[in-house]
1. Can you compute the FRET efficiency between residue 100 and residue 9 using 1/(1 + (r/R0)^6), with r the Cβ-Cβ distance and R0 = 30 Å? Round to the nearest 0.05.
2. Quick check: net charge around residue 37, other residues with Cβ under 15 Å of its Cβ, Lys/Arg +1 and Asp/Glu -1?
3. Any idea what the dipole of the range 1-48 comes to, in debye rounded to 20, about its Cα centre with Lys/Arg Cβ at +1 and Asp/Glu Cβ at -1?
4. For 16, 26, what's the largest-to-smallest order of accessible area, 1.4 Å probe?
Amino acid sequence: MSIPGNFFEEVPMGADIYLLKNILHDWPDEECLTILQNCRRAMRPDGKVLVIERVMPQSTDAERAETCFVDQIMLALFGGRERSDGHMKQLYAQAGLRPTRVIATGVAAMHLVECVAVNPMYQRR
C-alpha cells in the first residue's frame, strides 16, 4: 500500500517494512538522518527499514567511476551525495538502526541494506 505524506515530518506508524530506494542520496546528512529517525520512530518492534542505494566503492574500477559521476550530479542538483559503507553505517547508528544484512545487487554499486531498530520505540498513536 502506498500512502502520501512527507517523510521529513513523519511516516505512517506500524508498517512491517519501510522501503527507501534511491532516496537518501538526494539529501545531505541532516535530512537523511531525519528520514531514518522518522522511520525508526514509526517501526513496529519487529519492523525493518530496507535501503536500496549505491555504496561508494573503495576500488578504482568502472563501478567507482560511475558512482563518482552520480555523486557529482547529486551534489550539484540536490546537495546530496553517494556515501561509503562506513558513512551509511554512521547514519544508521545515529538514527538508532542496525544493519542486519547487506546484499550487493551486482548492478551499478547498488546494495540492499536491511536494518532493524537498536531499541524499538514503536508506540501506537
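1. On the way: r = 27 Å, r/R0 = 0.91.
Plugging the Cβ-Cβ distance into 1/(1 + (r/R0)^6) gives 0.65.
2. Values: positive: 40, 41, 98; negative: 9, 10, 29, 30, 31.
For residues surrounding residue 37, the net value is -2.
3. Values: 5 positive and 8 negative charges, 52 e Å.
Using Cβ point charges on Lys, Arg, Asp and Glu, the range 1-48 gives about 240 debye.
4. Working: 16 90, 26 40 Å².
Putting 16, 26 in descending order of accessible area: 16, 26.
The values are calculated or read from the model by the stated rules, or taken from the named source; none is laboratory data. Since the model is a prediction, treat every value here as computed from it, not as a measurement. All Cβ positions, even for glycine, are placed from backbone atoms using ideal geometry, and neighbour counts span all protein chains on display. Please note that ligands, DNA and RNA were not included when accessible areas were found on the heavy atoms of the full protein model with its side chains. Shrake-Rupley method; radii C 1.70, N 1.55, O 1.52, S 1.80 Å.
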